[in-house]
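Structure record follows, encoded as structure tokens.
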Amino acid sequence: KIEGEIAGKEAPELKTNSKGLVYYRFSIQWNGTIGVWQKKFFLNVSLYGELAERFNRSSEWRKGRRVIVEGNLALDSYKDASGNWKNFTSVACNKLSFKGEPSTVPSKPKAPAAPPIKKEDADYFPQ
């Protein structure tokens, strides 16, 4: 379980992988301590399937919005433009909760594809 703030310049897009599974990726930022040093950490978060679709429709998405992410660490890879494989760590999220009041940090508006997620549905866990 990690609590942090949604990072990034604008709302990411819902995408579909080669196997037809929809996914949504974004980053969270949180402050942590290593020894005596305070650091900002960034972590990629991936949502899949219905959870991705529900989060994509949420009117609560804002840069700086506090969220609690639960899931498993995953090692992902991709091939860059030069043909080199790159690895990165992310959280394969299976539960996402919004925390506190929506942020006042402005974000790029998105046209919702369906009604927004209600607060009582924010802790949705796909089966």
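The values are calculated or read from the model by the stated rules, or taken from the named source; none is laboratory data. Bear in mind the structure is a predicted one, so any value in this text is a computation, not a measurement. For accessibility, only protein heavy atoms count, side chains too; no ligands or nucleic acids. Shrake-Rupley method; radii C 1.70, N 1.55, O 1.52, S 1.80 Å.
A few points about this structure:
- Residue pairs, from the table K19/K63; K15/K79; K19/K39; K1/K63, whose Cα atoms sit over 28 Å apart: K19/K63; K19/K39
- Overall form of segment 27-103 per C-alpha gyration tensor (a/c, 1.5; a/b vs b/c): oblate
- Here the accessible area is traced with a 1.4 Å probe on the protein chains. For segment 1-54, carbon and sulfur cover 49 percent of it.
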